[in-house]
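The values are calculated or read from the model by the stated rules, or taken from the named source; none is laboratory data. Here the structure is a predicted model, which means the values were calculated and not measured. Ideal geometry is used to build each Cβ from the backbone, glycine not excepted, and the neighbour counts take in all protein chains shown. What goes into the accessible areas is simple: the full protein's heavy atoms, side chains included, and nothing from ligands, DNA or RNA. Shrake-Rupley method; radii C 1.70, N 1.55, O 1.52, S 1.80 Å.
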Amino acid sequence: DFGRSSELAFVVEPSDDIAVQEQPLILYCQVEGIQPITITWRKNGVMILDSENAFMLANGSLYVSRFQRVRADGSSDEGEYDCMAQNHYGLVVSRKAKIQAATMSDFHIHPQNAVVEEGGVARFQCQIHGLPEPVILWHKNSMPVNTDNERYTLLPKGVLQITGLRAEDSGIFHCVATNIANVKFSREARLTVSGSHSTVYKDPMILVGPENLTLTVHQTAVLECIATGNPRPIVSWSRLDGRPIGVEGIQVLGTGNLMISDLTVQHSGIYVCAANKPGTRVRRTAQGSLVVQAPAEFVQHPQSISRPVGTTAIFTCVAQGEPPPQITWLRNGQILETSDHIKLKNNNSTLSIYGINQADEAIYQCLAENSAGSTQASARLTVLWADGLPSPPQGVRAETVSATTIQVSWEKPLQNTKEIIGYVLHIRKAADPIEMEYQEAVSKSTFQQLVTDLEPSTSYSFYIKAYTSRGASKASEVTVVSTLGEVPAMPSLFIKVINSTTVQATWEPSIKLGQHKGFKLYYRKVHLSQYTGPVLLASNVTAYNITHLDASVVYEVKLLAYNQHGDGNSTVRFVSLRETVERTVLNPPCDCMKDEQNNKTSTTGIIIGIHIGVTCIIFCILFLMFGYRGRLLMCKSVQEPLSTPQIPRSQRSAMGLVLNGATRRDRDDRDLNGKQLDMNELERLFPASPSQEQQEKGITSAHSPSAPHDEMQISTLPLDEFSIIEEQLDPLPKNPRGSSPAAPAPNHGPANEG
């Protein structure tokens, strides 16, 4: 590194210019760096040879004696010029300078006659194109317009505004356009001021609003807005995005024109002109956009670097501008071509050179360019090479060991081997970019390396460098070899019994299987040696049903994955369908539709039965109640011959107990005058349900919760009014002892009793 003064760099670069026809033109170029330095010029990429019309000065500048837009042979001196400088270390190219001829067209907009009432607003306009931009001045009655009059406003684009018109403003107007190429006059236009100032109300109205403008930083923008109305409207400005316009560099021309000086990119936006009626919210608006461009400029320049052979060199070049600039890299003045060891990243902002060698030593330039301008910066790469370094390792060989392992071997360099401290093996997938390369260090006494953890069926490139304390040797020759293919791994297998003759084999797709084309499925009865299969299944299939099996035997199911390299290891499962058959016999499958219908029928029958039972109970209760009342009336009216002897009152209570709860033995033994009392009739009228234990012991409890009917009989039948009627009845067979007391007895009384 010889210091900055040794760097080949431009002190002065050619700049854009506008040349005058038949006038001389000078393009400047000044370079610094280690001599000798050779300077040459190009126009539109073609070398310029010294001639009578164009030649290079001693200081490196280009002199054009008579600039011509179009020569007799059809050529032109207009174009893009650049300067190239070269020394022992490399070549640099200057920015491109755009040279144009000064011109002026005819007026394409002339001022027009106007008749405006007193107090109104008059506007004249003329437009003309030229390089450089023509300066337009206005004349009234062949005399320059007095710009000191605040009612007269001259805008840069050839507009004249006159506000608050008076009679003396009438006259003949024309404009004069001037630049280095020519001077031209427009047609004349007459302004007539009529009548007196009107007091009739008029809504605010914008006669002319702002135009869309595209300018470059540091220029001046004028946004026109002229409004009329009575009373005179107030003109205001705002940004559509709500951001403040600011005050620095802002000026109002005339009654409402906005001028922004020294433009920056932040001034870009949409501007809104509003004409407001004083004291009200009545307003009219117009808007126009302002785009401010900025030529490319560097935020970070590339820096010159020195790197040993075999290492990586990185240059960084960051530029900004509006619109965002495009970055291009040059190597010794020529567009840089990318390759395996030269890469561009981050929108060309980063240049990386891998495994550099002496051929990479050069000057690298970064060109940033957009529609507003271009710029360049350069840096030099110096490749360090020490004398006495080892020559490249010899005889590099790579042999495939397995699907994931390759063995690399080599021989020591032919020259300068005494200072070798080790070797570095550079490894990369052949399809990967060079920045994906990685290294493995090897001792100086080792001439082979087993590279593991590689991918199957993949090509890898290898090369070796020998290292000393002073640097590395050049890279050996590159050898490329592929790993062996690998069969897929064992799949996971699960067996599910579907029914007595079918099982389902399922497995899960997994990245651990590796590359595979599909699956093979086998199955057999365990006592047989022959498999059924293979059943070939695609790689995306994850289940298969095996049908028509014999439920009485055990089956073996085997699954494996395969690819172009062969079959992988298989997964084996055993399955028996016997338990499924036994469960089917013990729990036969139901006819769901039939059971559902039966359930519906059974439920309907239960509901109907409940309704019938409730209805019967109600009718029985009603029958007993009405029949009992009729029976009492009959007992009151019976004559003496038909009645039994009265029982003393002292025995009635006991008799009532007997009637309500006497044991069957007492009833069987009782016989009055050879006549047997029909207890079945009483039991029919007053049914009771004493427990079996109570019947055995002859005990009756009128208040037992288990005998609700007894409670009803005691509360509704006072024994003081009760008498027993003896009837001549045929002997009835006694009920068996175990019969239910609630069973109804045959009724031998009259059919209409009660």
Practice task
Answer yes or no: is there a residue in the range 438-448 that is touching a residue at least 40 places away in the same chain (Cβ under 8 Å), acidic (Asp, Glu), surrounded by fewer than 17 Cβ atoms within 10 Å (Cβ to Cβ) and not assigned by the TED database to the domain that holds Val92.
Solution key: no
Completion exercise
Gln334 fails exactly one of (1) free of Cβ contacts under 8 Å to residues at least 40 places away in the same chain; (2) surrounded by fewer than 19 Cβ atoms within 10 Å (Cβ to Cβ); (3) under 39 Å from the mean Cα position of the chain (by Cα), namely (3)
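Taking the conditions exactly as written (open to solvent by 50 Å² or more (accessible area, probe 1.4 Å) and of a type in the set (Ser, Thr, Tyr)), does Tyr467 satisfy them or not?
Numbers: open to solvent by 50 Å² or more (accessible area, probe 1.4 Å): yes; of a type in the set (Ser, Thr, Tyr): yes.
Against the criterion (open to solvent by 50 Å² or more (accessible area, probe 1.4 Å) and of a type in the set (Ser, Thr, Tyr)), Tyr467 qualifies.
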Fill in the blank from the handout: Expected output for the range 518-530 (first residue within 21 Å of Asn540 (Cβ to Cβ), partner among the basic types (Lys, Arg), Cβ below 8 Å, 6+ apart or cross-chain) is Leu521/Lys558; Tyr522/Lys558
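Does the range 472-483 contain at least one residue that is within 30 Å of Thr542 (Cβ to Cβ) and either touching a helix residue (DSSP H, G or I) at 6+ places or on another chain (Cβ under 8 Å) or open to solvent by 40 Å² or more (accessible area, probe 1.4 Å) (or both)? Show your work before the answer.
Quick first cut of the range 472-483, residues within 30 Å of Thr542 (Cβ to Cβ) only: 483.
Still in the running and either touching a helix residue (DSSP H, G or I) at 6+ places or on another chain (Cβ under 8 Å) or open to solvent by 40 Å² or more (accessible area, probe 1.4 Å) (or both): none.
For the range 472-483, residues within 30 Å of Thr542 (Cβ to Cβ) and either touching a helix residue (DSSP H, G or I) at 6+ places or on another chain (Cβ under 8 Å) or open to solvent by 40 Å² or more (accessible area, probe 1.4 Å) (or both): absent.
Say whether the condition of being more than 48 Å from the chain's Cα centre (by Cα), open to solvent by 10 Å² or more (accessible area, probe 1.4 Å) and in contact (Cβ under 8 Å) with a residue 40 or more places away in the chain is met by at least one residue in the range 401-408. Can you show your working first?
Taking the range 401-408 as the starting set, the residues that turn out to be more than 48 Å from the chain's Cα centre (by Cα) are none.
Scanning the range 401-408 turns up no residue that is more than 48 Å from the chain's Cα centre (by Cα), open to solvent by 10 Å² or more (accessible area, probe 1.4 Å) and in contact (Cβ under 8 Å) with a residue 40 or more places away in the chain.
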Practice task
Give the range 10-62 a look and list any residue that's open to solvent by 40 Å² or more (accessible area, probe 1.4 Å), in a loop (DSSP other than H, G, I, E, B) and over 15 Å from Cys83 (Cα atoms), or say none.
Solution key: Val20, Gln21, Glu22, Gln23, Pro24, Ile34, Gln35, Pro36, Ser51, Glu52
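Any residue that is touching a helix residue (DSSP H, G or I) at 6+ places or on another chain (Cβ under 9 Å) and assigned to a strand (DSSP E or B) - is there at least one of those in the range 140-151?
Filtering the range 140-151 for residues touching a helix residue (DSSP H, G or I) at 6+ places or on another chain (Cβ under 9 Å) gives 140, 151.
When the remaining residues are screened for being assigned to a strand (DSSP E or B), the result is 140.
Yes: the range 140-151 contains one or more residues that are touching a helix residue (DSSP H, G or I) at 6+ places or on another chain (Cβ under 9 Å) and assigned to a strand (DSSP E or B).
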Exercise for the section: Could you tell me which residue of the range 523-542 is nearest to Ala505 (Cα to Cα), considering only residues that are assigned to a strand (DSSP E or B) and open to solvent by 40 Å² or more (accessible area, probe 1.4 Å)? Expected result: Tyr523
Practice task
With the condition kept exactly as written, say whether any residue in the range 275-292 is among the polar types (S, T, N, Q), closer than 30 Å to Gly471 by Cβ and surrounded by fewer than 18 Cβ atoms within 10 Å (Cβ to Cβ).
Solution key: no
Exercise for the section: Taking only the range 252-301 into account, find how many residues are part of a strand (DSSP E or B) and free of Cβ contacts under 8 Å to residues at least 24 places away in the same chain. Expected result: 3
Practice task
Give, as residue ranges, the strands (runs of 3 or more DSSP E) completely inside the range 304-394 that count at least 2 residues that are among the polar types (S, T, N, Q).
Solution key: 326-331, 350-353, 362-370, 373-384
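To keep it simple, each residue is scored yes or no on (1) modelled with pLDDT under 95; (2) in the same structural domain as Gly269 (by the TED database); (3) open to solvent by 80 Å² or more (accessible area, probe 1.4 Å); (4) among the aromatic types (Phe, Trp, Tyr).
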{"site": "His139", "(1), (2), (3), (4)": "no, yes, no, no"}
{"site": "Tyr152", "(1), (2), (3), (4)": "yes, yes, no, yes"}
{"site": "Thr163", "(1), (2), (3), (4)": "yes, yes, no, no"}
{"site": "Glu168", "(1), (2), (3), (4)": "yes, yes, yes, no"}
{"site": "Gly195", "(1), (2), (3), (4)": "yes, yes, no, no"}
{"site": "Ile206", "(1), (2), (3), (4)": "yes, yes, no, no"}
{"site": "Gly229", "(1), (2), (3), (4)": "yes, yes, no, no"}
{"site": "Arg232", "(1), (2), (3), (4)": "yes, yes, yes, no"}
Handout entry: Among (1) open to solvent by less than 80 Å² (accessible area, probe 1.4 Å); (2) assigned to a strand (DSSP E or B); (3) farther than 30 Å from Ser304 by Cα - the single one Ala85 does not satisfy
Key = (3)
Exercise for the section: State yes or no: is Leu414 surrounded by 20 or more Cβ atoms within 10 Å (Cβ to Cβ), out of contact with any Phe, Trp or Tyr (no Cβ under 8 Å at 6 or more places or on another chain) and in a loop (DSSP other than H, G, I, E, B)? Expected result: no
Exercise for the section: Inspect the range 64-79 for any residue being open to solvent by less than 50 Å² (accessible area, probe 1.4 Å) and in contact (Cβ under 8 Å) with a residue 60 or more places away in the chain and give the result as yes or no. Expected result: no
Exercise for the section: Look at the range 455-476 and say how many of its residues are more than 23 Å from Lys418 (Cβ to Cβ) and touching a residue at least 40 places away in the same chain (Cβ under 8 Å). Expected result: 5
